[in-house]
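The values are calculated or read from the model by the stated rules, or taken from the named source; none is laboratory data. Since the structure is predicted, the reported quantities are computational estimates derived from the model, not experimental observations. Cβ coordinates were reconstructed from backbone atoms using ideal geometry, including for glycine residues, and neighbour counts include every protein chain displayed. We work out accessible area using only protein heavy atoms, side chains counted, and drop any ligands, DNA or RNA first. Shrake-Rupley method; radii C 1.70, N 1.55, O 1.52, S 1.80 Å.
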Amino acid sequence: MQIFLLILFGFLSGIIGGMGMGGGTLLVPLLSFLDLEQKTIQAINLVSFVPMCCVALGFHAHNKLIKPKHIWWIVVPAVLAAVGGAFCAGIADNKILRLCFAVFLIAVGVWQLIVAIKFAVKNKRQSNLPVVSQPMLPADYLNGNLDKNDR
């Protein structure tokens with residue numbers, strides 16, 4: 001049964017990770033249901049991240065969404081932080097790690113809720129603005145359905 005759950009959890013986190021939302025955000029809580037140590041869960045998450053990242057990177061490169069001149073400004077600090085985080089996780093207790101991840105997930109959830117509310121309020125304000133003019137459609141131009149003022 002545990003093998004089936006591991007495959008299912010890997011499949012679900014792969015889908016979420018492939019969409020760019022961070023599969024580990026889903027994988028870590030799911031793996032905690034299997035009664036594994038937090039350090040083991042984090043190791044599984046990090047190892048599973050490598051193939052998901054490579055596939056996503058390939059798709060983004062194919063779609064020309066990568067800006068090479070900006071990569072090093074992200075990679076260098078991320079690698080340094082990952083080394084520091086791995087060192088801290090190695091000496092920390094499993095309960096502390098679990099609590100830190102729970103606080104992190106709650107903070108991200110609250111942040112996403114705030115961003116969603118701001119976005120909804122902004123769209124609500126924009127939808128209440130009066131329409132000044134109707135946009136010209138290419139079909140109107142081609143069919144000659146324009147007024148003299150529009151030409």
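A few notes on this one:
- Boolean, ILE117 is out of contact with any Cys (no Cβ under 9 Å at 6 or more places or on another chain) and not in a loop (DSSP other than H, G, I, E, B): yes
- Residues that are in contact with a helix residue (DSSP H, G or I) (Cβ under 7 Å, 6 or more places away or on another chain) and not in a helix (DSSP H, G or I) were ranked within the range 23-60; the one that is most open to solvent (accessible area, probe 1.4 Å) is GLU37.
- Scanning the range 5-52 for residues that are free of Cβ contacts under 8 Å to residues at least 40 places away in the same chain, over 18 Å from ALA78 (Cβ atoms) and among the β-branched types (Val, Ile, Thr) yields a total of 6.
- Some residue of the range 129-147 being outside any helix (DSSP H, G or I), at pLDDT below 90 and acidic (Asp, Glu): yes
- Test: residue in the range 109-126 that is under 30 Å from THR40 (Cβ atoms), at pLDDT 85 or above, open to solvent by less than 90 Å² (accessible area, probe 1.4 Å) and of a type in the set (A, V, I, L, M): yes
- Within the range 64-103, if we keep just the residues that are outside any helix (DSSP H, G or I) and open to solvent by 90 Å² or more (accessible area, probe 1.4 Å), the residue that is modelled with the lowest pLDDT turns out to be LYS67.
- Checked against (1) surrounded by 11 or more Cβ atoms within 10 Å (Cβ to Cβ); (2) in contact (Cβ under 8 Å) with a residue 24 or more places away in the chain, GLN2 passes all but a single condition, namely (1).
- Test result for GLY17, part of a helix (DSSP H, G or I), under 17 Å from the mean Cα position of the chain (by Cα) and of a type outside the set (Phe, Trp, Tyr): yes
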